[in-house]
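Undergrad: For reference, the structure I am asking about is given below.
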Amino acid sequence: EPDVSIVSGLKDAVVSEGDDVTFRCQVSHENARDVEWKLQDVALQNNEMNEISVEKGKIHTLTLRKVTEQDIGTVTFRVGPHTSTA
């Protein structure tokens, strides 16, 4: 399996309470395994508040819905040994 690296990392975002925010991270290979999203060191699952998806096979996206003050913190994307934070 090829070593997947991060081609384009996360960018910081400032949003208002109640808004949605989307983070994108592009990786070097399609169908990357061992991918993880975290908010404040807590692993995120795909659910009604966190939408996790992959666009065009390489662009991994995380949308946090209706953010609150409790969502302030560091978002981390990890693929294998590589990480990006915002």
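The values are calculated or read from the model by the stated rules, or taken from the named source; none is laboratory data. Just so you know, these numbers come straight off a predicted model, no measurement behind them. FYI the Cβ positions are ideal-geometry reconstructions off the backbone, even for glycines, and counts take in every protein chain you see. All accessible areas refer to the heavy atoms of the entire protein, side chains included, with ligands and DNA or RNA removed. Shrake-Rupley method; radii C 1.70, N 1.55, O 1.52, S 1.80 Å.
Undergrad: Can you send over the solvent-accessible area of H60, 1.4 Å probe, protein chains only, in Å² to the nearest 10?
TA: Ignoring ligands and nucleic acids, H60 comes out at about 10 Å².
Undergrad: Give the share of C-alpha pairs in each 5 angstrom bin for region 37-86, from 0 to the last occupied bin, in whole percents, shortest bins first.
TA: The calculated distribution, bin by bin, is 5, 18, 30, 29, 12, 5, 1.
Undergrad: What do you reckon, how do I72, I52 stack up by accessible area (1.4 Å probe), largest on top?
TA: So, going from the largest accessible area down, we get I72, I52.
Undergrad: Given Cβ point charges of +1 (Lys, Arg) and -1 (Asp, Glu) and nothing else, what value in debye, to the nearest 20, does the dipole of region 6-85 about its Cα centre take?
TA: 360
Undergrad: Near the amide H of L10, under 5 Å away, which other amide H atoms are found, from residues 5 or more places off or on another chain, if H is placed in the peptide plane?
TA: Under 5 Å from the amide H of L10: T85.
Undergrad: Another one. Take every Cα pair under 8 Å in the chain that's 6+ residues apart, average their separations, divide by the length, and report that relative contact order as a whole percent.
TA: That works out to 38 percent.
Undergrad: For E69 paired with S16, estimate the spin-label separation in nm (one decimal), with each label point 7 Å from Cα along the Cα-to-Cβ line.
TA: Modelled inter-label distance: 1.7 nm.
Undergrad: Summing +1 for each Lys or Arg and -1 for each Asp or Glu, what net charge is found among the other residues whose Cβ lies under 12 Å from the Cβ of T76?
TA: 0
Undergrad: Quick one: net charge around V15, please, counting Lys, Arg +1 and Asp, Glu -1 for every other residue with C-beta under 13 Å from its C-beta.
TA: Surrounding charge for V15 is -3.
Undergrad: Then there is this: Counting Lys +1, Arg +1, Asp -1, Glu -1, what net charge surrounds E30 among other residues with beta carbon under 10 Å of its beta carbon?
TA: Net local charge, E30 excluded: +2.
Undergrad: Please calculate how many Å² of accessible area region 6-85 carries per residue, with a 1.4 Å probe and no DNA, RNA or ligand atoms counted.
TA: About 64 Å² of surface per residue is accessible.
Undergrad: Still on this structure: Quick one: Debye curve from the C-alpha atoms of region 1-51, no solvent, what's log10 I(q)/I(0) at q = 0.14, 0.17, 0.24, 0.32 Å⁻¹?
TA: With no solvent term, the Cα-only Debye profile gives -0.48, -0.68, -1.16, -1.34.
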